[in-house]
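Just so it is clear, none of the values below were taken in a lab; they were calculated from the coordinates. Note that the structure is a prediction, hence the values are computed from the model and not measured. Here the Cβ is made from the backbone with ideal geometry for all residues, glycine too, and neighbour counts use every protein chain on show.
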Amino acid sequence: MDKTTDIAQQTVEASNIAKHTINTTIDKIVENIPNIIFALLIFIIGFYISKLIKKFINKILIKSGINKGLSNFIAYTVFAILVTVVALTSLQILGIQTTSFVAVLGAAGFSIGLAFKEILSNFGSGMIILFFKPFSIGDYIKIADQEGVVSDIQIFSTVLKTVDNKIIVIPNLKLTSDNITNYTNQKTRRIDYSFDVAYDTDIEVVKKILSDIFKEEKRILQEPKPAIGLNKIENNICQVIGKPWVKTEDYWDVYHDVIEKIKIEFDKNDIKVPHKYYLL
């Protein structure tokens, strides 16, 4: 009986403690309702103002001529800092000690950094791309076996749009650790034509055809002067090259138009392109 009575008393005491704790908590919540509402208002208003500031900064930076990718990065960085300040202010209003919170956040950040080392590497590479500008939005680049127009430079990755309208997302770390070919960084580009003709072909006729076409095509630059000549003789085949310069934006249009004109003139002058035979 004594044991049963003790258990009953302990149960009652535990129940009373629980009720007291609940009542105390409810009382504190009720007392802090104004602070909770104020903290929420501060956070919501601060978050909204931070978004407006981000848009404003982005707009100003783009108008000032800064690269779109870099302006996005700066705007998002400012936005993240402002939101962090607003969140810490809201926590202080609620009576939470932000000093210890920041310390915990720092320790957590260190652990997360170790766990997401590759992501942070992409972030660092993104900063390198944005500040050193090996390419910009709108450039046509090639990285490994991928190529396309740079449509966006993000913090962790770069987005390419291919000529057949596919989207390729490449981690920034790969872009800074591999060779990049930028086809549109310079104002002019050279088109390299190469033609194999029969050994007994009059090379001077072939050179004149190329020279006349290059002079007639107004989009081909005459300075530097187009290079035309015999490149090599091999297996009874002569290889003739033509290397005109054009503005970068005219490259592909000129390439296709000129190659068609060369085909027509070769046919008119009976220039034979030797057949290639393969041993099976």
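Using the Cα centre as the reference, give the magnitude of the dipole from point charges on the C-beta atoms of the range 135-182 (Lys, Arg: +1; Asp, Glu: -1; all else neutral), rounded to the nearest 20 debye.
Rounded to the nearest 20 debye, it is 60 debye.
If you place +1 on the Cβ of every Lys and Arg, -1 on the Cβ of every Asp and Glu, and leave all else neutral, what size is the dipole of the range 188-268 about its Cα centre, to the nearest 20 Debye?
With Lys and Arg at +1 and Asp and Glu at -1, about 300 debye.
Put +1 on the Cβ of each Lys and Arg and -1 on the Cβ of each Asp and Glu in the range 136-280; which of Ile203, Phe156, Gly138 then has its Cα farthest toward the positive end of the dipole?
The residue sitting most towards the positive pole is Phe156.
Can you list residues from other chains, or at least 5 along the same chain, whose modelled amide H is less than 5 Å from the amide H of Asp152?
Amide H neighbours of Asp152, under 5 Å, 5+ apart: Val159.
Which whole-Hz ³J(HN,Hα) couplings does the range 228-234 yield from phi under the Karplus relation 6.51 cos²θ - 1.76 cosθ + 1.60, θ = phi - 60°, glycine and proline marked x?
So the J values, rounded to whole Hz, are 9, x, 7, 8, 6, 10, 7.
From the phi angles alone, apply the Karplus equation (6.51, -1.76, 1.60; θ = phi - 60°) to the range 169-177 and give each ³J(HN,Hα) in whole Hz, x where the residue is Gly or Pro.
With the stated coefficients, the range 169-177 comes to 9, 10, x, 4, 4, 5, 5, 8, 10 Hz.
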